[in-house]
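Every read-out reported here was derived from the displayed coordinates using simple, explicitly stated rules and does not represent laboratory data. The shown structure was predicted, so the numbers you read here are calculated from the model rather than taken from an experiment. Every residue, glycine among them, receives a Cβ derived from its backbone with ideal geometry; neighbour counts consider all protein chains shown.
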């Protein structure tokens, strides 16, 4: 049997969203409701645990069945993996921004005017980054969208407890990084050396001459944050014995899934925003199952973006797009051989605009599932569902319905 | 007050069991239902945790209130304890089979033709087993039913991380065991030495001469698997301050309970199969309480056997026998002074025929219990029960209703 796990990021809401109702209550979701009523059971999930405000990375680790308190090291590693960097246990990774530093050496813009072209040339120029003191350490930089990128240092004895060189502040010089212990001090030293090198390389780069001529801010610095050593996460193949693909657009989600050993598959028109063609993700997902994968993880990001933007209308609209995608899935899944689960990775209420600890509705559907009486999927009705309230672990639950996970004990 | 905990092994089912219903739904259980309706409250239990596929040993540890992730070392120790071997922290134990090796030294049968008589003579002959290199290590062998038995090595610095000498394969020689670390390497060395000695002793044994004359396969080898060091499990007396008995038939369950400090009591006609006279277990159980024990653990195995055999009819029939036993218990328990709990140790669906992670119905009955509205005990109705959904720990929950466990903190 096969498994599909679908996460709509930031799906959960509060009664303060829209006239006493959550966006999920207001949205028309006939397809999800019908799937739940006909083949499913619902409940409420604490993505990590009751009273824990999840980050997106920690929530996904927990939903995949890993204990984020044991394995979470920081965001950088997932961002780097998410933009396609191949990582090993010897890597320490950072999220980076191209930034602008003025002639006095003070940070003028943390995003280099949201630079939107020519970053490939800068990436190329930065391929020469190298520590002189620690030549055995491999230094890699990769750009992502706009000003975003990742920096990875690979080598022995590199700690991950270092302060950022991105101060989240303007008008001050790029601060030196410092490390909490000996191995982290080594990492900080290399980061500082590489940051200076990058400033030199970028300042002299013709693209920045051109940008200045055009009245644009030069991308003449790399600002690093989110330091993270490679986490102690075994692959889903090792942990559960399954082969897996991820179809997502946001680098962070792709990164968490790749670190968990899932193969990334791109879907046309998938953007990680409210405009994403998420139905194409569903199509790629079912293709992956057809091609032999045991499971696929689909990630839809838009509801969270709308929530962070305090835009209830956009959230309702995106949820209705998710519902259409479920309509397509409902018609095209082989329901005798497949289990599907669906939840949010956290609640992001419209007023507050950030993640909160409130539990999130969850459902599972398929032939092994003990169907319950629920007919609507939202934060209120799912509290009466047959799954009750539980924490994390949605992936192994879904896989177990398809008889795909190993036994613990004999 | 007193406590009784009853586990029906493999009780839980799926809608795929029998025409869209579970075996527990199909079975007539008027006595259990009446007990639940009149004095009880129900819920759903994850024997270990959501999304965890329990083994029988790990599930029972968790139900008893131990954390199997902390204390589980392997099955061998429970099998050995279950057939009556007294164990200490210095023991490493294996499950064994009498096997047949051919003249070329290759394994011909892993069960010595399911040898059914004379094993006592073989056990007697094997009492001379002894390591020459490590004479301080005590080597003990004990037979169980048919070809089954256990081997225990007792001595200082014996690791438990060793490979089996039972390859689960025919036509190859008995493989040498190897250890993962220094202390396990020592264990492997002794196991190999003892395995060779056993082959010599058994090959020369008159019983095997006789078996060959009768055209039967000789029991001329010991095959070992399931290596386990004695686990870090304190007794229920130390942990909860209670005296306890176990009435069961399967060696594994007796073993887990004995390691947890419960005294084993035999019941006449209790076989650990669907034909077991389980009502006699209930009678012995209440006797134990009368004789002064604080609690008794009753284990009924048949529902799991039927599930592994994909036999829905046999499972329904066994559940109805469990129900009759509850009828007797209902009449004979002193309900002013006693709490009873009842659950499965995991779900074993008929189609799949092995344990899965789906939660299991659970109930508690007695004077301290907040009675709920449930009138039927099964995988569907219990989802609406007053106990909600929770993980493991059924024993301390039961004991606490009888005011029998110590406080954590002040």
GNM top mover of A:301, A:132, A:315 - chain A, alpha-carbon springs below 10 Å:
A:132
Cα radius of gyration and Dmax for chain B (Å)
22.4, 71
Translational diffusion of segment B:1-61, µm² s⁻¹ [Kirkwood Rh, Cα pairs; Stokes-Einstein; 4 °C; 1.567 mPa s]:
93 µm²/s
Note the distances from residue B:275 to each other copy's matching label point, with points 7 Å along the Cα-to-beta-carbon direction, in nm, sorted shortest first.
7.4
Counting only DSSP beta bridges with both partners in the protein assembly as shown, the antiparallel fraction in percent, to the nearest 5, comes to 60 percent
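Test of understanding: express the Cα radius of gyration of segment B:307-410 as a ratio to 2.2 N^0.38 Å, with N the residue count. Could the numbers behind the result be given before it?
Numbers: Rg = 15.6 Å, N = 104, 2.2 N^0.38 = 12.8 Å.
Scaled against compact globular proteins, the figure is 1.22.
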Compute the label-point distances linking residue A:173 to its equivalents in the other copies; points lie 7 Å from Cα along Cα→Cβ; give nm, one decimal, shortest first.
7.2
Relative to the longest principal axis of the C-alpha atoms of chain A, give the angle of the C-alpha long axis of helix A:312-332, reported between 0 and 90° and rounded to the nearest 10°.
60 degrees
Suppose we keep just the DSSP beta bridges with both residues in chain B; what percent of those would be antiparallel, to 5?
60 percent
Alpha-carbon Debye profile of segment B:87-229, log10 I(q)/I(0) at 0.11, 0.13, 0.21 Å⁻¹
-0.36, -0.51, -1.27
Where rotation carries A onto B, the chain A residue whose Cβ is nearest that axis, in whole Å
A:388, 3
Give the dimensionless ratio obtained when the Cα radius of gyration of segment A:211-339 is divided by 2.2 N^0.38 Å.
1.31
Would you compute the Debye intensity of segment B:177-256 from its alpha-carbon atoms alone, equal scatterers and no solvent, and pass along log10 I(q)/I(0) at q = 0.15, 0.22 Å⁻¹ to two decimals?
-0.83, -1.00
In whole angstrom, the spacing between the Cα centers of segment A:102-164 and segment A:12-56 equals 39 Å
Based on alpha-carbon positions alone, could you give the equivalent ellipsoid semi-axes of the protein assembly as shown from the gyration tensor, as √(5λ), descending, whole Å?
54, 36, 23
Dimensions of segment A:1-116 along principal axes (Cα, Å, largest first)?
64, 41, 30
Return the Cα extents of segment B:129-195 along principal axes one, two and three, sorted largest first, each rounded to a whole Å.
32, 25, 19
Tell me the distances, shortest first, between residue A:213 and the same position across the other copies, using label points 7 Å along Cα→Cβ, in nm to one decimal.
10.8
